[in-house]
Amino acid sequence: MDVKILEMTDTKAKFVVSNATPEIANSLRRVLIAEIPKMAIETVEFHLGEIQGGANNENEEYESVSSLFDEIIAHRMGLIPIPTDPKTNVFKKDCTCGGEGCPLCTIMYKIDKKGPCDVYSGDLEPLGDPNLKVKDELIPIVRLGNRQAILAYAFAELGTGQRHAKFQVTSGVGYKYGPKVKIDEKKCDQGATCVAACPRKVFAKEGNKVKVAHEDACMLCYSCIKACKSKAITVEGDETKFVFTFETDGSLTAVDTLQIALGILEKKFDEFRELVSALEGAA
């Protein structure tokens, strides 16, 4: 299996997997969706009762209430993308702290806001490493009215999409067959109608000949076939080549996500190979 990167940004990836099968391509898709470890807020502890102090007067009293139930606020906080370090973060069940919570398996945030104001994801302050500040700071959480306040501590831990959707790193994961575009030179009248008809500029005229210039750009729309009067063009999907696209929520970069997915897939294949070998040895 070979991987060729076509586009890679912090949150978006487009790449080609070749010398593969549909089964392998679908396995990679499923790993990208459900098996990439990600930090997400799992527990929120709200302060109940009155809260003292305000921006203008320390003696001001605020009520720890809002227009939403605490459960709804906690749910919204759980969906906020939390920065994840794949090299240091570990699952609580595998941590040396025994699951009690430590910097390796748990990230602690504090939110302390007094109304009237809008509370956003950027108001979550990490207790410890400032680099764990939420990157997308404009995700709305709740609107506080006059004399309303929120004081809470949130605890993020590692999980995967198999456990809950809030641990899902990627969205829009999909793939299509890579295109195979050919021109039969014996039939081609070199009229170049396909050059103008193709919306992705797959074809180009070089001298007096029409050639396939950007095969990977083809989206299998077959506009070229409809435009070609000499029926010289064939376009079909390559069942050994797949064009993948996906986006991340920002908790992990796209390149880290892809590397982790390929590592998980390789480990699964190795484990399956060992099981098959054991069965053959037993027989």
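Worth pointing out:
- Charge dipole magnitude, Cβ of K and R +1, D and E -1 - the range 103-231, Cα centre, debye nearest 20: 860
- Rounded to the nearest 20 debye, dipole of the range 38-167 from Cβ charges on Lys, Arg, Asp, Glu: 580
- By the equivalent-ellipsoid construction on the alpha carbon gyration tensor, the range 141-189 comes out with semi-axes of 56, 18, 6 Å, ordered largest to smallest.
- Projected over every direction and averaged, the convex hull enclosing the alpha-carbon atoms of the chain yields 23.6 nm².
- Residues of type lysines that Lys133 reaches as a straight line, Cα spacing below 29 Å, ignoring anything fewer than 8 places off in the same chain: Lys12, Lys14, Lys38, Lys87, Lys92, Lys93, Lys110, Lys113, Lys114, Lys166
- Förster-model FRET efficiency, 45 Å R0, Glu71 and Asp2, C-beta, rounded to 0.05: 0.40
- When cysteine pairs in the chain are screened for C-beta atoms closer than 4.7 angstrom, the residues that find no partner are Cys117, Cys188, Cys198, Cys218, Cys221, Cys228.
- The dipole here belongs to the chain: it is taken about the Cα centre, uses +1 on the Cβ of Lys and Arg and -1 on the Cβ of Asp and Glu, and is about 2000 debye.
- Length available on full extension from Glu60 to Cys102: 0.36 nm per residue minus the Cα-Cα distance, which gives 11.6 nm.
- In this structure, Lys205 and Glu247 have a Cβ-Cβ separation that, at R0 = 41 Å, corresponds to a calculated FRET efficiency of about 0.70.
- Rounded to the nearest whole angstrom, the semi-axes of the ellipsoid equivalent to the range 38-167, taken from the Cα gyration tensor as √(5λ), stand at 29, 15, 13, largest first.
- Positive end of the dipole of the chain (Cβ unit charges, origin at the Cα centre): among Cys224, Ala165, Gly145, the Cα lying farthest that way belongs to Cys224.
- Distance from the range 66-131 to the range 14-40 (C-alpha centre basis), Å: 28
No lab work stands behind these numbers, since they all come straight from the coordinates. Computed from a prediction, not measured in an experiment: that's the story for all the values here. Glycine also receives a Cβ, built like all others from the backbone with ideal geometry; neighbour counts cover every protein chain displayed.
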